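In what follows, a single structure is set out as structure tokens and then discussed.
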Amino acid sequence: MELVIALGMNGIVWGLIIALIALGLSIIFGLLDIINIAHGDFFMVGTVLAWFVFDTTGNYWLAFAIVPILGFAIGAVIEYTVIQPIKNAAALSIVATFGLSIILQESVRATFGATPARLTAPIEETVPLFGLEYEVYRLFAALLSIAAIGCFFLFLHRTKLGTWMRAVRFDPETATAMGIPARRVYMVTFAIGFAMASLGGVVAGPITTVDFQAGVDILPFCFMAVIIGGLGNLEGTVAAAVMLAFFEGVMASFVDPTLARIGSLCLMSAVLLVRPHGIFSGSTR
Amino acid sequence: MTKDVKSKPAKAPRSGQTRRSFLQTALAGGAAATTAYFGITHNAFAKASGPIVIGHQCELTGGFSSWGYWHDKCAQAAVKVINEGGGIAGRKVELAVADTESNPAAGARKLRSLIQRQKASFVVGSVHSGIMLASIPIATELKTPYFSAGEATEATGSKGSRYSFRTGTDTYALAAAGVPWAMENLGKNWTMIFPDYAWGHSHHQEHRKLIEAAGGKVNDPIAVPLGTKDLVPYLARIPEETEVLFSVFFGALSVAFYTQSKSMRLDEKMKMYSVSGTIEAIDPRDINGATEGVYFLENFPRPLEFKNDEYHAKFIEMMGVDPVYAKDDKSGKVMAKSHAWQSYENFFALKAAIEASGWQSDKDTPGVIEALEGLKMENSLAHPQGTKILRAEDHSGMIDCYMSRVEDSKFVLKKHIPREDLMAKLPPRYDFRTHKL
């Protein structure tokens, strides 16, 4: 029973980190209709930037402040140069972001190198938790993810820019007619998506590793969360990421973790069959 | 030196055909055919007297590129040394490099290109087990000797051939070299955790046989899917009674394993043991103590002091790395030393076999294969890893191995395992000499 609780709790922790990253993917799809194959690489860039900040300054906490800002700036540049020219062409967006993914990976390989590195956790203590020596940093990372997700929703619902983002997402033509600078909103939205993925990289970096292909494996799980939560449904994405990871964690205490992953894929298939627009498709897009 | 090249995309065909365009096409075709004829005759002549083309199939990009960089550097260094010393049988060596992109499909395709387009007569092959196993049937079909550098035992086993050689170790040899010492010094209750693909399973099978034969207990294996980020669900399944945790991960998954197992304090409860492939091209200092106290079976000791001779010293000088961490301080790259030496030494093995057999052109290749079978290589600048033999039966290199432990982020030798000890525990399971050439 202890193992069930421990792995279920670990699933929630991991799910919250994934939710932070997947939320960026969902925002980009929801507003821009961009199927962003490079989103995992935005996460990877976040881990590499965090490593660089830590390596340069020796201060991990500084990475929390600097990396999302850098991510926002890079995201804005990418939106202007890559996304804007292919806007409203979903098929092209897949090809363009796939190319972007390769460019980001190879740029990092050429500069940072191909050898994986470790980002030391700022909190190295462990606590005995349901039979496991559990990293305190993981609990901190989960709290940080909750805070970041909460801040994002506050921004979305309590600020003028957030209202503009929702308005443009709901009806871009009317929003433009009302004087909302839709072009700028698109750029900010994409940049926020990048910033959230890179913040996810800072948070997850000490748990995973820093390497140029770190984003490749995180992307499928993010897509699963976005699909199960409902394409473009932000709250649904967060809930689905946590539920999926919790489900996998609990399953992993009974069966082989690989079977648990197969189980979550089966769950996703079942959701797609029964509710093709996701579990939370009743909510707004 | 030639590099693989991409041809220009062909223009879309035109629908109309005029007399002028027909004549232009016919003339161009005639010119091309004439050129090709002279090209063929020139090539046939070159084969017997010009440079000897040796292909190098390596991972310059993709997931294995941190290793591939060093394999390429080793190959370049070997060709330089050979050419400066007068070449092979008086003929210069021309190196043809193909980047596998760390991808078996691309690696196999480029091997064909190396042999058929770039006319490589011999190929020093990949360290990526998947690429190596995809390449051996092609090299065999094209009757071209191919040196593997990866560890999957099948390359010189069930999927090997008369054309496939390996001077380094495979999972069979690594198990035979490491298990006796580890059983005696680390413990008898083992749990193995490995990536869920051929390399990991091969290690598990080979180690399990030897551990159980020596009276040890092997707990249920834990196979981790590639690309896993959070290892806690897997690490939580390690039985409490485990004395030795044997892991065989690669690259990022390896760093994740050491980081997460350390943070769960598994290293305080059990001894951690692995093979050099899991720490290859990684400096323990760069992962902040995550591998501290871990035992590694190496093919070539990382610090100079544990095989301290002039050839080893000269080799690391050629590679531009320091004698303790095997790191190039300018680039920050750590040499993949336990494997990359094969991409250096294999050229010298070929040189010895070509000269011994009197090879002139590809029709003489069977003689080179016969010369390679049982070839003895002495510790020298050509073979800085040490004296070794390329066993005649299974084309496997019999080499010295080194059991080391990471202490204060340095590799410290605990046991030198001579090749004679290894050979005694490693009877050949295949005899490729029964295959027709």
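Computed values, structure above
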{"item": "Stokes-Einstein diffusion coefficient of region A:14-91, Kirkwood radius over Cα pairs, 25 °C, 0.890 mPa s, in µm²/s", "result": "179 µm²/s"}
{"item": "Among beta bridges that DSSP assigns inside the protein assembly as shown, antiparallel share in %, nearest 5", "result": "40 percent"}
{"item": "Length-normalised contact order of region B:123-185 in % [C-alpha pairs under 8 Å, at least 6 apart]", "result": "30 percent"}
{"item": "Over region A:2-274, relative contact order from alpha-carbon pairs under 8 Å, at least 6 apart, %", "result": "41 percent"}
{"item": "Amide H within-cut-off set for residue B:52, under 5 Å, with H built and near neighbours excluded", "result": "B:92, B:93, B:94"}
{"item": "Gyration tensor over alpha-carbon atoms, the protein assembly as shown, equivalent ellipsoid semi-axes in Å", "result": "47, 36, 22"}
{"item": "Chain B: DSSP helices with Cα axial extent of at least 24 Å and average Kyte-Doolittle hydropathy no lower than -0.5", "result": "B:19-49, B:65-84, B:337-357"}
{"item": "Descending semi-axes in Å of region B:319-367, equivalent ellipsoid built from Cα gyration tensor", "result": "35, 9, 8"}
{"item": "Low-density loop positions, GluC sites (Glu not before Pro), region B:214-267 - DSSP coil, at most 14 other Cβ in 10 Å", "result": "B:240, B:241"}
{"item": "Mean Cα-pair separation over length for region A:110-260, i.e. relative contact order, pairs under 8 Å, 6 or more apart, %", "result": "21 percent"}
{"item": "Loop-resident sites, region B:259-337, for trypsin sites (Lys or Arg not before Pro), counting at most 15 other Cβ within 10 Å (DSSP)", "result": "B:265, B:330"}
{"item": "Cα centroid of region B:139-174 to Cα centroid of region B:221-242, whole Å", "result": "31 Å"}
{"item": "Estimated D of chain A in µm² per second, where Rh is the Kirkwood radius over Cα pairs and Stokes-Einstein applies at 25 °C, 0.890 mPa s", "result": "128 µm²/s"}
{"item": "Of B:80/B:388; B:271/B:415; B:143/B:436, those spanning more than 18 Å from alpha-carbon to alpha-carbon", "result": "B:80/B:388"}
{"item": "Orientation-averaged projected area, Cα convex hull of region B:350-420 (nm²)", "result": "6.3 nm²"}
{"item": "Reduced Cα scattering model of chain B, Debye log10 I(q)/I(0), q = 0.08, 0.13 Å⁻¹", "result": "-0.47, -1.11"}
{"item": "Helical mean residue ellipticity (222 nm; -39500 (n - 2.57) per DSSP H run of 4+; nearest 500) of the protein assembly as shown", "result": "-17000 deg cm²/dmol"}
{"item": "Taking A:3, A:104 and counting other C-beta atoms within 10 Å, the order from fewest to most", "result": "A:3, A:104"}
{"item": "Rg and Dmax [Cα atoms of region A:188-272; Å; Rg one decimal, Dmax integer]", "result": "14.0, 44"}
{"item": "Which of B:202, B:191, B:100, positive extreme of dipole for chain B (C-beta unit charges)", "result": "B:100"}
{"item": "Exercise: per-residue mean of other protein chain Cβ atoms within 10 Å, B:230-242", "result": "6"}
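Values in this text are rule-based calculations from the coordinates and carry no lab data. Small disclaimer: the values here were computed from a predicted structure and weren't measured. Glycine gets a Cβ as well: all are built from the backbone with ideal geometry, and neighbour counts include every protein chain shown.
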